[in-house]
Amino acid sequence: MPDAAFNESAQTVRVLSLLDALAAAGLAPTTARALHEMAYLANVLAPVFDLSPLDATLLKRNAGPYYPELQYTTDRLVGRGLVEAIDLSYELDEADQRYRIAARYRLVRPMVGPALERYRQVRALEAKFVDELAFAYSSLSDDDQGHVANSDARYADVSVDTNGVIDFGQWAGAEKNFSRNAALAFAPGRLLAPAERLYLYLDHLQRKAAHG
């Protein structure tokens, strides 16, 4: 939900916070595909940190997560000079037979620094979660970044067909967020910090993707 402390939409804050965390993890500039995948993982794994997802539903595509509103927001931020787009082009996703943007993005630091500092003050737990997720995501190989979500427990759920809606919000019930449940199921009997569970889950996704 939007926060009164910001003159920005929730999606704007999400894009800026994701790009900021990815940059801190050494992943700047960030590909469009990786940005959308990180947004999906941030949504589906938010409950590991006892947070609510910003977007609790997503249209399932063969080629992996894609949020039209997030892409529109990113494009607007580029137009406002807050985000820089590098190597802008379009590519055809053969799996979906749809074109999508193939740019790489990075923050224009002088323009967004104060807003991000305020975000980290007001939403400290959320910022910590996104930071930890970005560092866990950076452990993936370059080839896997942007391509592991299809192995995610909720995204790969065969009960949701392509072009069907993936729902992991409160109306779906906690038992339907298979990603969160899988992350919490590691090392039964051991007390793991939420951040450790993110690393374990991302490692799990990379190994699943490697085995097709």
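The values are calculated or read from the model by the stated rules, or taken from the named source; none is laboratory data. Everything numeric in this text was worked out from a predicted model, so none of it was measured. Please note: Cβ atoms are built from the backbone with ideal geometry, for glycine as well, and neighbour counts cover all protein chains shown.
Of all the listed residues (159, 141), the sole one being over 17 Å from the mean Cα position of the chain (by Cα), surrounded by fewer than 18 Cβ atoms within 10 Å (Cβ to Cβ), at negative phi and part of a loop (DSSP other than H, G, I, E, B) is 159.
Pick from 106, 154: which is within 17 Å of the chain's Cα centre (by Cα), surrounded by 14 or more Cβ atoms within 10 Å (Cβ to Cβ), not aliphatic (A, V, I, L, M) and not in a loop (DSSP other than H, G, I, E, B)?
Working: 154 fails: not in a loop (DSSP other than H, G, I, E, B).
Criteria check complete, one pass: 106.
Checking 66, 40 one by one, the residue that is touching a helix residue (DSSP H, G or I) at 6+ places or on another chain (Cβ under 9 Å), part of a helix (DSSP H, G or I) and either over 18 Å from residue 105 (Cα atoms) or of a type outside the set (A, V, I, L, M) (or both) is 40 and no other. Checking each residue in segment 172-209 for being under 16 Å from the mean Cα position of the chain (by Cα) and acidic (Asp, Glu) picks out only 203. Once segment 79-103 is narrowed to residues that are within 17 Å of the chain's Cα centre (by Cα) and part of a loop (DSSP other than H, G, I, E, B), the residue that is modelled with the highest pLDDT is 103. Could you list, in sequence order, all residues of segment 165-179 that are closer than 19 Å to residue 67 by Cβ and either of a type in the set (Gly, Ala, Ser) or modelled with pLDDT of 85 or more (or both)? Residues satisfying the conditions are 165, 166, 167, 169, 172, 177, 179. Output the qualifying pairs, or none if there are none: Cβ atoms under 7 angstrom, residues six or more apart or on different chains, first residue in segment 179-198 and more than 16 Å from residue 44 (Cα to Cα), second residue of a type in the set (D, E, K, R) and surrounded by 15 or more Cβ atoms within 10 Å (Cβ to Cβ). Pairs that qualify, where the first residue is more than 16 Å from residue 44 (Cα to Cα) and the partner is of a type in the set (D, E, K, R) and surrounded by 15 or more Cβ atoms within 10 Å (Cβ to Cβ), are 186/197. If I filter segment 118-130 for residues that are modelled with pLDDT of 95 or more, in contact with a Leu (Cβ under 7 Å, 6 or more places away or on another chain) and assigned to a strand (DSSP E or B), do I get at least one hit? Among the residues of segment 118-130, not one is modelled with pLDDT of 95 or more, in contact with a Leu (Cβ under 7 Å, 6 or more places away or on another chain) and assigned to a strand (DSSP E or B), which makes the answer no.
For (1) free of Cβ contacts under 8 Å to residues at least 24 places away in the same chain; (2) touching a Phe, Trp or Tyr at 6+ places or on another chain (Cβ under 7 Å); (3) on the phi > 0 side of the Ramachandran plot; (4) not aliphatic (A, V, I, L, M), each residue gets a yes or a no:
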residue: 73; (1), (2), (3), (4): no, no, no, yes
residue: 97; (1), (2), (3), (4): yes, no, yes, yes
residue: 107; (1), (2), (3), (4): no, no, no, no
residue: 122; (1), (2), (3), (4): no, no, no, no
residue: 131; (1), (2), (3), (4): no, no, no, yes
residue: 151; (1), (2), (3), (4): no, no, no, yes
residue: 154; (1), (2), (3), (4): no, yes, no, yes
residue: 165; (1), (2), (3), (4): no, no, no, no
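Would you mind stating whether residue 24 is in contact with a helix residue (DSSP H, G or I) (Cβ under 7 Å, 6 or more places away or on another chain), loosely packed, with under 15 Cβ neighbours inside 10 Å and in contact (Cβ under 8 Å) with a residue 40 or more places away in the chain? It is true that residue 24 is in contact with a helix residue (DSSP H, G or I) (Cβ under 7 Å, 6 or more places away or on another chain), loosely packed, with under 15 Cβ neighbours inside 10 Å and in contact (Cβ under 8 Å) with a residue 40 or more places away in the chain. Among the conditions (1) at negative phi; (2) buried (at least 17 other Cβ atoms within 10 Å of the Cβ), residue 64 misses just one, which is (1). Restricting attention to segment 67-81, the residues that are surrounded by fewer than 21 Cβ atoms within 10 Å (Cβ to Cβ) and either in contact with a Lys or Arg (Cβ under 6 Å, 6 or more places away or on another chain) or aliphatic (A, V, I, L, M) (or both) total 1. Within segment 109-131, restricting attention to residues that are more than 20 Å from the chain's Cα centre (by Cα) and basic (Lys, Arg), which residue is nearest to residue 79 (Cα to Cα)? Within segment 109-131, the match that is nearest to residue 79 (Cα to Cα) is 109.
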